[in-house]
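> My questions will all concern the structure given below.
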Amino acid sequence: MANSTIIPPARSVNAVILAGGKSSRFGSNKALASWNKKGNILDNIIEKARTACGSAALSVRNIQDYPQYKLPKFPDIEKEKGPMGGLYSALFHSTTEWIFLLGCDMPLIEPKLLKYMIEIRTWAPVIIPFCRNRFEPLHAVYHRSLLPIAENLIRRDKLRMRELLDLVPMYVVDEKKIIEIAGSLRCLSNINTLSQFRKILSSVPS
């Protein structure tokens, strides 16, 4: 875990939701899957991200995507580059020093954990949870100084998020702290298939 020093206040962190994926394993756009009475999954994530960060934007393939949402949209600069491409575009387009990158498939995100993470003071350019023996790069805070690193990785076709994480210092939020803040690890559950979606949805009060 990196030593603590400085980080801007929460208002200078913009939440950016990755909404440009193909959802090939889900069979349709999972971001738009109905989520109880709260609209769809994306509506739910936007609401929670705004609660914690005060603002939210969408990382999209094309600027014309999601016309129903009146949010800032960050179109892909490099197409078909997955989450790494989304991170690169988000860092390029965002006007804030820091972004909170969120996947569009984590409907149980906890605003208290988001707020805790953006208020951490650290010199490390990445603030990231670690649970279930893995990092969660799509629920992490990134500094704009990572822009040239992300660009270089894309140019070399190194698109795994771990490729970036292996190169830079990180402030790691461990399982104990996640449970202390969020009550459990369920807030980091993501949805890739219809069966996973139905299982998570069935566990949430309607």
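> Hey, among the residues in the range 3-41 that are modelled with pLDDT under 60 and buried (at least 16 other Cβ atoms within 10 Å of the Cβ), which one's nearest to Ala182 (Cα to Cα)? Even if it seems obvious, please write down each step before you answer.
First, pick out the residues of the range 3-41 that are modelled with pLDDT under 60: 3-11, 23-24, 27.
When the remaining residues are screened for being buried (at least 16 other Cβ atoms within 10 Å of the Cβ), the result is 7, 10, 23.
Values: Ile7: 22, Ala10: 18, Ser23: 27 Å.
Among those residues, the one meeting the criterion is Ala10.
> Separate question: On the basis of being in contact with a helix residue (DSSP H, G or I) (Cβ under 9 Å, 6 or more places away or on another chain), on the phi < 0 side of the Ramachandran plot and surrounded by fewer than 21 Cβ atoms within 10 Å (Cβ to Cβ), does Ile128 make the cut? Outline the logic, then answer.
On the way: in contact with a helix residue (DSSP H, G or I) (Cβ under 9 Å, 6 or more places away or on another chain): yes; on the phi < 0 side of the Ramachandran plot: yes; surrounded by fewer than 21 Cβ atoms within 10 Å (Cβ to Cβ): no.
So Ile128 does not fit the description; no.
> Continuing with the same structure: Go through the range 176-202 and give me each residue that's under 14 Å from Pro107 (Cβ atoms) and without any contact (Cβ under 8 Å) to a residue 12 or more places away in the chain.
Matches in the range 176-202: Gln196, Arg198, Lys199, Ser202.
> Just to check your reading of the model, which residue among Glu47, Glu78 is over 21 Å from Phe135 (Cα atoms) and either among the small types (Gly, Ala, Ser) or in a helix (DSSP H, G or I) (or both)?
Glu47
> Report whether or not Asn44 is modelled with pLDDT of 90 or more, more than 24 Å from Val168 (Cα to Cα) and surrounded by fewer than 16 Cβ atoms within 10 Å (Cβ to Cβ).
no
> Name the single residue that is nearest to Pro169 (Cα to Cα) among those in the range 105-140 being β-branched (Val, Ile, Thr) and out of contact with any Pro (no Cβ under 9 Å at 6 or more places or on another chain).
Ile127
> Also: Report, by residue number, each residue of the range 180-206 that is modelled with pLDDT under 90, outside any helix (DSSP H, G or I) and among the small types (Gly, Ala, Ser). Before you say what the answer is, go through the steps one by one.
Just the residues of the range 180-206 that are modelled with pLDDT under 90, to begin with: 189-206.
Of the ones still in play, those that are also outside any helix (DSSP H, G or I) are 189-193, 203-206.
Listed by number, the residues that qualify are Ser189, Ser203, Ser206.
> Residue under question is Leu113, and the condition is that it be buried (at least 24 other Cβ atoms within 10 Å of the Cβ) and of a type outside the set (Val, Ile, Thr); does it hold?
no
> If you check Asp105, Asp76, which single one turns out to be of a type in the set (Asp, Glu) and farther than 23 Å from Phe197 by Cβ?
Just a single option satisfies the conditions, and that option is Asp76.
> While we're looking at this one, here's another question. Of the residues Val204, Val173, which single one is surrounded by fewer than 16 Cβ atoms within 10 Å (Cβ to Cβ) and either on the phi > 0 side of the Ramachandran plot or not charged (D, E, K, R) (or both)?
Values: Val173 fails: surrounded by fewer than 16 Cβ atoms within 10 Å (Cβ to Cβ).
One residue alone meets the criteria, Val204.
The values are calculated or read from the model by the stated rules, or taken from the named source; none is laboratory data. Source: prediction; values computed, not measured. As a convention, Cβ positions derive from the backbone with ideal geometry for all residues, glycine included, and neighbour counts pool all protein chains shown.
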